[in-house]
Amino acid sequence: MQLPTSEQLRIGLRRWRELRNKTASDVATESRRGNNAFSSGRVTKWESGKTGINYKRLVEDILPAYQIEDFDTFIDFCLPPSIDDITVFAEKDFGNNPIVPGIAVQSVSVGYLNKHRTRLDRVMFEPGKKQQTSWAPHIGHEFLFVQKGAIVCEFAVEERGQKKTVVIKAGMAVAFPSALFHSCYNNSDTESAELMVAKPSYSGTAGLKPK
């Protein structure tokens, strides 16, 4: 997984705090709920780049204080979206690395995972473009798999920017950063289509839009 630079990281922390309408004092207050409390001045120094951030402290102390509940989602949030990050999977690609059958002797319980797990949506489309999903970005990343029919996916870095169009048919999939403007619709005027969508289940994902 690509990690953000120190500059992208500190900008991401500030943007996340501002999207939540929180002050540096709010973050410092939240830090007192954990084992390592810090001052609002320390928050300002992190966001200005005057104090470095190591990843151990980021995950264990800083993200909880900012009320960021999913590290992977935050990494997506810090990295600028790019059309080059769209990956299309053909049906044949799913056979390249088969899963070896076996028995799970241990697993992490859902209760332990809390919100740190994947949300899975089943989306049904009637024939035609009239059911096109909204043209919008949000936080996170997505993986779309077509169960039935064919889906047209449109992407752009900016709302009115140049679009990249991808057609994925049954058995195919596409992965992309959700910070791209994106929308999908059925590619047939006569047949219905079905799409499975996987994305982070973090409760703030759909409500927060990257600036």
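The values are calculated or read from the model by the stated rules, or taken from the named source; none is laboratory data. This one's a predicted model, so the numbers in the text were calculated from it and none came from an experiment. A quick note on method: Cβ atoms are made from the backbone with ideal geometry, for glycine too, and the neighbour counts reach across all protein chains shown.
A few notes on this one:
- Counting only residues that are over 30 Å from ARG119 (Cα atoms) and of a type in the set (Phe, Trp, Tyr), the range 31-77 holds 2 of them.
- Residue-level check: of (1) under 30 Å from SER183 (Cβ atoms); (2) modelled with pLDDT under 65; (3) assigned to a helix (DSSP H, G or I), LYS92 misses just (2).
- So THR118, is it under 21 Å from LEU180 (Cα atoms), at pLDDT 90 or above and polar (S, T, N, Q): no
- Boolean, GLN147 is outside any helix (DSSP H, G or I), at pLDDT 95 or above, of a type outside the set (Lys, Arg) and assigned by TED's automatic domain parsing to the domain that holds ALA193: yes
- Residue list for the range 6-25, filter: outside any loop (DSSP other than H, G, I, E, B) and not basic (Lys, Arg): SER6, GLU7, GLN8, LEU9, ILE11, GLY12, LEU13, TRP16, GLU18, LEU19, ALA24, SER25
- Looking only at the range 164-187, residues that are surrounded by fewer than 16 Cβ atoms within 10 Å (Cβ to Cβ) and either among the charged types (D, E, K, R) or not in a strand (DSSP E or B) (or both) come to 3 in all.
- Residue selected from the range 138-159 under the condition among the acidic types (Asp, Glu) and touching a residue at least 24 places away in the same chain (Cβ under 8 Å), by the criterion farthest from ALA173 (Cα to Cα): GLU159
- Checked across the range 57-77, the condition of being over 18 Å from the mean Cα position of the chain (by Cα) and exposed (fewer than 15 other Cβ atoms within 10 Å of the Cβ) holds for at least one residue.
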